[in-house]
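Here's the structure we're looking at; comments come further down.
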Amino acid sequence: MQRRLAIWIASLVAAVLVAGVERARAVDPTTNPPAGVPPPAWPSSPFRNTVDGVTGLPIPQLCRSGGSTFQLGDTVCMRTHLGVQLARCDLLLNNTSWVPIGVPCNMN
């Protein structure tokens, strides 16, 4: 009886985890950006995961905003030349840059 209950609980947990992964994958902004939002450049950039010639380690590619660092693909609400809107950390050639994506936001 306890073995059946344990198997049932394990299968229920696995089903919930798989459903959560599928739901997260369905709204992934790198594969399905909302209408009017420029697609991210960093997933297909040849400069992604560039290795340092001296140490052999990957060169960190981070964006900075407000004293914090962000990974490629992260979005932050910031003042841009187009007004206050979300901007995505992206690669332009071999440099990280904030790219406005046209989604308005509020800065508090």
Asn49 - would you say it is of a type in the set (S, T, N, Q), loosely packed, with under 10 Cβ neighbours inside 10 Å and either modelled with pLDDT of 80 or more or more than 26 Å from Asn108 (Cα to Cα) (or both)? yes
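I'm trying to understand the selection: among the residues of region 82-98, which are assigned to a strand (DSSP E or B) and among the hydrophobic types (A, V, I, L, M, F, W, C)?
First, the residues of region 82-98 that are assigned to a strand (DSSP E or B): 83-92, 95-98.
Once the filter is applied, which keeps residues that are assigned to a strand (DSSP E or B) and among the hydrophobic types (A, V, I, L, M, F, W, C), region 82-98 yields Val84, Leu86, Ala87, Cys89, Leu91, Leu92, Trp98.
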Review point. Within region 64-72, is there a residue that is in contact with a Ser or Thr (Cβ under 9 Å, 6 or more places away or on another chain), over 21 Å from Asn108 (Cβ atoms) and modelled with pLDDT of 90 or more?
Key: yes
Looking across region 54-81 at residues that are β-branched (Val, Ile, Thr) and outside any loop (DSSP other than H, G, I, E, B), the single one that is farthest from Ser44 (Cα to Cα) is Thr80
Flagged in region 60-79 as loosely packed, with under 15 Cβ neighbours inside 10 Å and without any contact (Cβ under 8 Å) to a residue 24 or more places away in the chain, in numbering order, are Pro60, Arg64, Gly66, Gly67, Ser68, Thr69, Gln71
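The values are calculated or read from the model by the stated rules, or taken from the named source; none is laboratory data. Just so it is clear, the structure is predicted and the values come from calculations on it, not from any experiment. Please note: Cβ atoms are built from the backbone with ideal geometry, for glycine as well, and neighbour counts cover all protein chains shown.
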